[in-house]
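All remarks here apply to the structure that follows.
The values are calculated or read from the model by the stated rules, or taken from the named source; none is laboratory data. The structure presented is a predicted model; accordingly, all values stated were derived computationally and were not measured. Glycine gets a Cβ as well: all are built from the backbone with ideal geometry, and neighbour counts include every protein chain shown. Surface accessibility is based on the protein's heavy atoms, side chains included, excluding ligands, DNA and RNA. Shrake-Rupley method; radii C 1.70, N 1.55, O 1.52, S 1.80 Å.
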Amino acid sequence: MVLISFSASATVTPFGRKENNFHLKQIPKFLASNLPIFGSRFSDSNRMGRRRFCSLASNSMEGNRGVVATSDGETPLPLYTWPDKQKPRICILGGGFGGLYTALRLESLVWSDDKKPQVVLVDQSDRFVFKPMLYELLSGEVDTWEIAPRFVDLLANTSVQFVQDRVKFLQPSDHLEKNGSTRLSCGGTVQLESGQCIEYDWLVLALGAEPKLDLVPGAAEFALPFSTLEDAWKVDKRLKSLEREKFGKPSSPISVVVVGCGYAGVELAATVAERLQGKGKVQAINVGTTICPGAPPGNREAAMKVLSSRNVQLYLGYFVSCIRKADKFENSDQLISNLKGKDTVVEQPHGGYILELQPAERGVQSQILEADLILWTVGSKPLLPEAEPYVFPVNGRGQAETDETLRVKGHPRVFAIGDSAALRDSSGRILPATAQVAFQQADFAGWNIWAAINDRPLLPFRFQNLGEMMTLGRNDAAITPSFIEGLTLDGPIGHAGIVCCLCISLLCCSDFLTCLSASYCSKEDCVLDQITHR
């Protein structure tokens with residue numbers, strides 16, 4: 001069985017990888033036509049300010065008067081109004097691939113009338129972004145509406161409600177007692193930045209991650225990340241400005257530096273280099289001595305071939321120690337004079353930003369680069385909100401520790417998926433933060449919430465690695481399926497292979513998880529169940 005999967009931080013294909021990996025304009029139409037088959041970290045050092053956060057007084061939910069009590073006689077906070085006081089309430093935080101598809105999975109399951117949950121999806125953006133296609137904005141292949149449909153449109157034919165807001169604070173209270181036969185006690189409260197509070201019975205953390213720009217001095221001020229739709233707009237706007245500024249000036253080419261040579265960095269460097277062609281140059285920096293170290297060898301070799309053909313200069317084995325704005329009077333002679341005797345190579349300056357590179361190993365010279373535009377693809381931090389009275393158990397990266405059913409440890413009413421979760425495989429290694437993982441987890445999270453509400457056994461999550469692929473421009477790509485050892489399709493054939501992957505994924509059973517065991521299956525006539533359990 002092949003699952004439709006996406007790459008993150010992803011696309012509608014059975015393959016996934018660290019960043020973005022798909023090229024197909026028709027996806028939004030496909031997604032919309034198939035609904036409903038298939039909608040910040042908060043740091044507050046002032047503890048006194050938390051007195052205004054949502055109070056989980058035992059009578060607040062039962063009364064449901066539209067406000068949440070606060071201490072010290074302060075103005076009550078507005079409470080999100082659920083349509084039905086008796087049916088389970090599910091709040092999903094984050095509308096990426098994990099969050100959106102958890103909502104759609106819940107929508108597709110079979111529920112009894114008294115247990116069909118009310119679902120609200122919260123995201124800070126009003127659009128669901130196909131992140132793998134952000135590169136196509138730079139190459140001019142797509143328009144915004146083609147890769148970023150609005151949640152209200154995607155969820156129009158479902159019962160899922162959408163709220164555009166930022167998560168400010170969580171106050172979980174995972175009580176497992178039931179009030180009567182069908183009513184679950186309140187599982188906690190979410191406070192949003194608008195001041196509104198949402199009481200929930202079940203919570204899904206799928207907030208994803210954001211670029212980590214505090215690793216290097218000057219990165220936050222002078223480097224542009226490439227993770228959101230707004231980021232893509234900024235980069236495209238900056239490139240257009242540089243193209244106008246330096247049009248017809250071959251002696252002053254555009255200089256772009258990409259920091260990081262993982263999947264995102266390599267795809268970004270390949271796309272920008274293809275766009276600039278003879279109008280500029282692209283340089284890519286990586287602390288490792290190879291690009292895409294976690295990629296299959298075939299994908300890495302195909303990427304190296306494309307980067308070489310587009311004259312992308314690689315600085316492997318270097319890390320950026322500092323980024324600063326170049327003084328308007330600073331030139332290469334001054335740089336060489338200032339660094340004389342420091343065993344440093346100075347790249348002929350072209351732009352307004354200076355990057356100081358240090359070797360990751362001894363015996364290699366330091367480097368000084370100057371660029372018009374710096375694109376940052378290194379590091380990320382999960383957007384797990386602050387919580388009281390119990391702090392979620394997190395790992396060193398800030399991801400919530402979960403059990404194998406995707407529930408946050410110590411919080412049976414809270415599920416975490418995607419970048420928000422730190423789930424380990426059978427060998428003890430944390431699963432990669434890819435959209436392929438997040439999409440598969442969404443399917444399990446939706447099912448396990450159904451199982452918990454209906455007093456059925458929860459399924460342990462098992463990741464099925466279906467392969468990896470990457471796009472390298474308009475007509476170049478590389479795809480390595482996991483089920484055919486040693487096979488890699490690259491170039492135009494690889495690009496066409498991505499389209500074939502979509503066709504394969506359309507053959508998937510939308511109720512695959514319900515067919516894993518006859519005891520779980522809710523369809524008496526499920527053909528797959530009959531085949532797998534003869």
Per residue, what accessible area does region 418-472 have, given a 1.4 Å probe and all protein chains present, in Å²?
33
Find which of Thr102, Ser112, Gln161 sits farthest along the positive direction of the dipole of region 88-182, computed with +1 on the beta-carbon of Lys and Arg, -1 on that of Asp and Glu, about the Cα centre.
Ser112
Calc'd 3J(HN,Hα), region 132-143, phi into Karplus 6.51 cos²θ - 1.76 cosθ + 1.60 (θ = phi - 60°), Hz, glycine/Pro = x, comes to x, 9, 4, 4, 5, 5, 6, 8, x, 7, 9, 9
Report the accessible area of Lys249, computed with a 1.4 Å probe over the heavy atoms of all protein chains in place, in Å² rounded to the nearest 10.
110
If you average the sequence gap of Cα pairs under 8 Å that are 6 or more apart and divide by the length of region 255-313, what percent do you get for the contact order?
42
Quick check: at a probe of 1.4 Å, how many percent of the accessible area of region 134-178 sits on carbon and sulfur atoms?
43
With DSSP loop assignment and no more than 14 other C-beta atoms within 10 Å, the GluC sites (Glu not before Pro) in region 356-452 are Glu361
Burial-style ranking of 282-291, 451-460, average other-beta-carbon count within 10 Å with highest first, yields 282-291, 451-460
Relative contact order for region 191-267 using alpha-carbon pairs under 8 Å, separation at least 6, rounded to a whole percent?
11
Going through Lys237/Lys305; Lys237/Lys279; Lys281/Lys381; Lys237/Lys381 one by one, the pairs whose alpha carbons sit over 19 Å apart turn out to be Lys237/Lys305; Lys281/Lys381; Lys237/Lys381
With all protein chains present, region 197-282 has a carbon and sulfur share of its accessible area (1.4 Å probe) in percent of 56
What residues have an amide H closer than 5 Å to that of Val378, excluding those fewer than 5 places away on the same chain, when H is modeled at 1.01 Å from N in the peptide plane?
none
Here region 270-280 yields Karplus 3J(HN,Hα) values (6.51, -1.76, 1.60; θ = phi - 60°; whole Hz; Gly and Pro given as x) of 5, 5, 5, 4, 5, 5, 6, 6, x, 8, x
Residues whose built amide H sits under 5 Å from the amide H of Ala421, excluding neighbours closer than 5 in sequence, are Ala400
Convert each backbone phi in region 370-375 into a coupling constant with the Karplus relation 6.51 cos²θ - 1.76 cosθ + 1.60 (shift: θ = phi - 60°), then list the ³J(HN,Hα) values in order as whole Hz, x for Gly and Pro.
10, 9, 7, 8, 10, 10
